[in-house]
Amino acid sequence: MLPASPASASRPSIALVSISRLRNLCETIAPRYASEARFFYVREGYGDAVTALQPYIESGGVDVVLAAGSNGAYLRDNLGVPVVMVKVNGFDVLAAITHANATWPGAPIGLILHDSVSHELADLGAWLNLQLTQRAYRSVDEVRAAVSALASAGCRVIIGPGMACDLAQAAGLESVFLYSMGAVHEAFERSVELARVSREKESKRVRLNTIVAHLRDGVAAFDAAGQLEAVNPAMLDLLGLDRARDVPAQLARSVAPLLRDLADGAAPVDDRIEQIGGRSLIVSCVPIVEQGARSGAVVTVQDALVAQRIDRSLRTTQRPRHLVARYELDDLVGGSAAMARVRRLAAMSAAHDATVLIGGESGTGKELVAQGIHNASPRRGNPFVAFNCAALPEGLIESELFGHEEGAFTGARRGGKPGLVEIAHTGTLFLDEIGEMPPALQSRLLRVLQEREVMKLGASRATPVDVRVIAATHRDLRAMVAAGAFRADLYFRLNLLQIALPALRERREDLPALARHLLERMAARYALRPAAIERVLARFAPYFARYAWPGNVRELENLLARAAIFFADENTETSADSTGAAHADTSLSEIFPEFAEEDGDSNSGTNGVTPPAIAHRTTLSAPRDATPLTRAQIERVLAAHGGNRAAASRALGIGRTTLWRLMKDD
């Protein structure tokens, strides 16, 4: 009988199809293999057996079928699972002939074999003094015809399969069953092993199909003749195929060019962009090679839009965390007309995805404006990558900007390295000091701007990039173009939108508000109280209009930090004021040697108004009669800068050598 739930069984299932005496031998041997397989009997034969087995085969409940003779041959041709045949060997035939001759001495013997007769037995009959007649059969009707023919020929004993024996007995003849216990035992051995292997293969096939069915990418496998072997639902959806029609034929037509190219010996197709069904698809086709010979091909299809989203996500998640813009356009402090113009131009530039060129003296805030444009643009949240073109030698600039493949040059990073242009994908690349870029690299940058792709050092193909470029310079690029020091085509490509930042001396009305903003921002670092901030602003007020501020906002911030260090303590002001105004002026000369010349000029009868010639000069060292810095003052500045002597010397307005000498001599 058939199993109730064959698909849930852990052991392989074997169907025993026997319609006559073979059943008895099977029932005798089957219990010996009960621990290795599950057996069930099908008592129908031929077409009826196929009808009975088909539902269980489709549900995976039958792994192997065991049968014999023409019945087994019929099942092998009409079932989709392996069929193991009970094979009769020469020893079985000789044993049956010997048994018939011993039981019925001298009686003519008829031998019925499946498929073909044995010519060796015909010769052997003469040697054994036997009357042996043979017939072959391939169907049930031929078994009946063979028994009838042998009976007409005078044969009294029939040797053959179970049906032949049954027909012989019905005709009044003797019979000997051809199949031996050993032949059936050997067939069980092969059935159990084949069922085990089939179950393992089917389990792997089901697992693989389940995995492939859940892939977003379309996958289809073809045999060597181009016939479809497997396909997942994603492939049908991506190609827009009608599942109600002939899917193999539709699929074959869609990928026929790929299979034809592969069959003609062409190289495997790797990530080719194809327009199929009105969609842009990334198609690949690789051969299946088994034992050195091509046995088929696998075609994969990916939606180009999905690939772009994945690429964008990968580049976003894998980019360094520090590649972000911290400043907004609202961080631009100042109410002057010049700054209002800068904010207006920056906001307009942010609304359009065009290249921007920012000009201005050093320290005017070019990177702050670039970050503000990025944060006000649709690229906000994507990487902001800043690079100073004057910071590295030419060879390193090329590697940093454009990246390199593994082995591109001596010392190249293993596995290669993406360049800053590629890291800035979907974001903004800020190129500071663009006027210092070497001429050889200007042409490579121009190609990035024109083609929107970057070629790594040592790479064989370019990588597409979606990046906005903002460049900045303190130099006159137009004059450099005229002098041949800068490429004209790159200049005009960069100079699409232009923003010129004013120097600090050109917007002096912004100085009080800007100074207050900077002091409030550094209040926590230097422990500035509100009173100290007001004290510093009061000390600096005369110099907002008198000093040239050649370092612009950067210099203002440094001088304010120096003032915060010296004026943060309440006692500093008290001691200065108690000794009179002259001592206070001397103290300022010690701390701010930059202001010394302006102080002298202001006391010479100019009523606090600095002549233009003086406004653009600055004294970088203290006057000869200035009071030397004390060790306590120097230690305070060093502590404020974490022991960094270079930073401390800059804050004090002296050189590092002078700082070291003062520390030693004190």
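The values are calculated or read from the model by the stated rules, or taken from the named source; none is laboratory data. Note that the structure is predicted; figures quoted are calculated from it, not measured. For neighbour counting, all protein chains shown are included, and Cβ atoms are generated from backbone atoms with ideal geometry for every residue, glycine included.
Values as computed for the structure displayed
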{"item": "Flag for SER59 being within 51 Å of the chain's Cα centre (by Cα) and not aliphatic (A, V, I, L, M)", "result": "yes"}
{"item": "Options ARG493, ARG452, ARG461: the member that is without any contact (Cβ under 8 Å) to a residue 24 or more places away in the chain and on the phi < 0 side of the Ramachandran plot", "result": "ARG461"}
{"item": "Residue in region 189-197 that is more than 24 Å from VAL81 (Cα to Cα) and either under 60 Å from the mean Cα position of the chain (by Cα) or touching a residue at least 40 places away in the same chain (Cβ under 8 Å) (or both) present", "result": "no"}
{"item": "Filter result for the condition that a residue is at pLDDT below 90, polar (S, T, N, Q) and either buried (at least 16 other Cβ atoms within 10 Å of the Cβ) or more than 19 Å from GLY80 (Cβ to Cβ) (or both), over SER20, SER59", "result": "SER20"}
{"item": "Number of the exception - GLY395 against (1) outside any helix (DSSP H, G or I); (2) without any contact (Cβ under 8 Å) to a residue 40 or more places away in the chain; (3) not basic (Lys, Arg)", "result": "(1)"}
{"item": "Residues of region 139-159 satisfying the condition of being closer than 9 Å to GLY110 by Cβ and either among the hydrophobic types (A, V, I, L, M, F, W, C) or part of a helix (DSSP H, G or I) (or both)", "result": "ALA146, VAL147, ALA149, LEU150, ALA151, ALA153, CYS155, VAL157, ILE158, ILE159"}
{"item": "Scan of region 432-441 for residues that are in contact with a Leu (Cβ under 8 Å, 6 or more places away or on another chain) and surrounded by 18 or more Cβ atoms within 10 Å (Cβ to Cβ), ordered by number", "result": "ILE434, GLY435, MET437"}
{"item": "Residue list for region 499-535, filter: among the acidic types (Asp, Glu) and either over 11 Å from VAL333 (Cβ atoms) or more than 48 Å from the chain's Cα centre (by Cα) (or both)", "result": "GLU506, GLU509, ASP510, GLU534"}
{"item": "Residue, farthest from VAL117 (Cα to Cα), within region 160-190, restricted to residues that are in a helix (DSSP H, G or I) and among the charged types (D, E, K, R)", "result": "GLU189"}
{"item": "Candidates SER362, SER349, SER284 - the one that is modelled with pLDDT of 70 or more, under 19 Å from the mean Cα position of the chain (by Cα) and of a type outside the set (Phe, Trp, Tyr)", "result": "SER284"}
{"item": "Residue satisfying all of: in region 214-251; at pLDDT 80 or above and among the small types (Gly, Ala, Ser); nearest to the chain's Cα centre (by Cα) among these", "result": "GLY218"}
{"item": "Any helices (runs of 4 or more DSSP H) falling wholly within region 434-547 and containing at least 3 residues that are under 26 Å from TYR327 (Cβ atoms) and not assigned by TED's automatic domain parsing to the domain that holds ARG341", "result": "511-521, 523-526, 530-546"}
{"item": "Cross-chain or 6+ apart pairs with Cβ under 7 Å, region 343-357 first and farther than 7 Å from LEU497 by Cα, then among the basic types (Lys, Arg) and outside any loop (DSSP other than H, G, I, E, B)", "result": "ASP353/ARG468"}
{"item": "Which numbered condition SER254 misses (of (1) within 30 Å of THR28 (Cα to Cα); (2) touching a helix residue (DSSP H, G or I) at 6+ places or on another chain (Cβ under 6 Å); (3) hydroxyl-bearing (Ser, Thr, Tyr))", "result": "(1)"}
{"item": "Criterion violated by ASP77 - all others in (1) touching a residue at least 12 places away in the same chain (Cβ under 8 Å); (2) in the same structural domain as SER191 (by TED's automatic domain parsing) satisfied", "result": "(1)"}
{"item": "Yes/no for PRO530 being touching a residue at least 40 places away in the same chain (Cβ under 8 Å) and not aliphatic (A, V, I, L, M)", "result": "no"}
{"item": "Region 253-275: number of residues that are in contact with a strand residue (DSSP E or B) (Cβ under 8 Å, 6 or more places away or on another chain), surrounded by fewer than 16 Cβ atoms within 10 Å (Cβ to Cβ) and modelled with pLDDT of 70 or more", "result": "6"}
{"item": "Any hit, region 381-395, residues being out of contact with any helix residue (DSSP H, G or I) (no Cβ under 9 Å at 6 or more places or on another chain) and modelled with pLDDT under 90", "result": "yes"}
{"item": "Total residues in region 448-473, condition basic (Lys, Arg) and buried (at least 16 other Cβ atoms within 10 Å of the Cβ)", "result": "2"}
{"item": "Set ALA67, ALA15: member being at pLDDT 90 or above, buried (at least 20 other Cβ atoms within 10 Å of the Cβ) and either closer than 29 Å to VAL117 by Cβ or in the same structural domain as THR133 (by TED's automatic domain parsing) (or both)", "result": "ALA67"}
{"item": "Residue count, region 365-378 (criterion: in a loop (DSSP other than H, G, I, E, B) and within 31 Å of the chain's Cα centre (by Cα))", "result": "3"}
